[in-house]
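Asks: Quick one: the structure is below, questions incoming.
The values are calculated or read from the model by the stated rules, or taken from the named source; none is laboratory data. As the structure is a prediction and not an experimental result, all values here were calculated from the model. Backbone-built Cβ (ideal geometry, glycine too); neighbour counts: all protein chains shown.
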Amino acid sequence: MCSNCLTAAEVLATQVGLVVYVAKDPLHRMLARAGVVPALDLVKRDRTTVQFLRSLDLDPVEIIGVEKVAAADSWSPPLVWDQRRRRARKLSWARPIGSHSLISAQ
């Protein structure tokens with residue numbers, strides 16, 4: 001495509017997308033070192049990959065190796081994350097849904 005066919009918004013969106021793609025991992029690592037976000041868990045990613053491969057009826061051992069599959073099968077989420085998720089779920093059940101929180105004139 002020639003530059004005359006592109007609008008300024010399309011060029012800007014492309015540049016922003018490229019910067020986000022390039023800077024995502026280093027930015028996440030920097031924020032994890034600062035304690036703002038949790039560190040990237042590679043075993044959790046491998047567990048997702050193993051589950052995906054099994055859903056396709058493929059053998060994950062042949063594809064990613066015995067060690068990674070064994071680590072992924074034995075992985076469990078950290079206790080702190082579980083407690084936060086349970087607390088959030090408990091609080092979300094206590095809130096009324098939108099249609100029940102509005103006053104109805106029926």
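Asks: Do the conditions hold for ALA88, that is, is it in a loop (DSSP other than H, G, I, E, B), within 21 Å of the chain's Cα centre (by Cα), surrounded by fewer than 12 Cβ atoms within 10 Å (Cβ to Cβ) and modelled with pLDDT under 85?
Replies: Details: in a loop (DSSP other than H, G, I, E, B): no; within 21 Å of the chain's Cα centre (by Cα): yes; surrounded by fewer than 12 Cβ atoms within 10 Å (Cβ to Cβ): yes; modelled with pLDDT under 85: yes.
So ALA88 does not fit the description; no.
Asks: Go through region 63-72 and report how many residues are part of a helix (DSSP H, G or I) and loosely packed, with under 14 Cβ neighbours inside 10 Å. Even if it seems obvious, please write down each step before you answer.
Replies: Taking region 63-72 as the starting set, the residues that turn out to be part of a helix (DSSP H, G or I) are 63-64, 66-72.
Next cut, loosely packed, with under 14 Cβ neighbours inside 10 Å only: 63, 66-67, 70.
Going through region 63-72 one residue at a time, the tally reaches 4.
Asks: Looking only at region 27-62, filter to residues that are among the acidic types (Asp, Glu) and more than 16 Å from SER76 (Cβ to Cβ); which one of those is surrounded by the fewest Cβ atoms within 10 Å (Cβ to Cβ)? First the steps, then the outcome.
Replies: Restricting attention to region 27-62, the residues satisfying the condition of being among the acidic types (Asp, Glu) are 41, 46, 57, 59, 62.
Checking which are more than 16 Å from SER76 (Cβ to Cβ) leaves us with 57, 59, 62.
Values: ASP57: 6, ASP59: 10, GLU62: 10.
Among those that are among the acidic types (Asp, Glu) and more than 16 Å from SER76 (Cβ to Cβ), it is ASP57.
Asks: Taking THR7 as the residue in question, decide whether it is modelled with pLDDT of 90 or more and either over 30 Å from ILE64 (Cα atoms) or more than 15 Å from the chain's Cα centre (by Cα) (or both).
Replies: Working: modelled with pLDDT of 90 or more: no; either over 30 Å from ILE64 (Cα atoms) or more than 15 Å from the chain's Cα centre (by Cα) (or both): yes.
Against the criterion (modelled with pLDDT of 90 or more and either over 30 Å from ILE64 (Cα atoms) or more than 15 Å from the chain's Cα centre (by Cα) (or both)), THR7 does not qualify.
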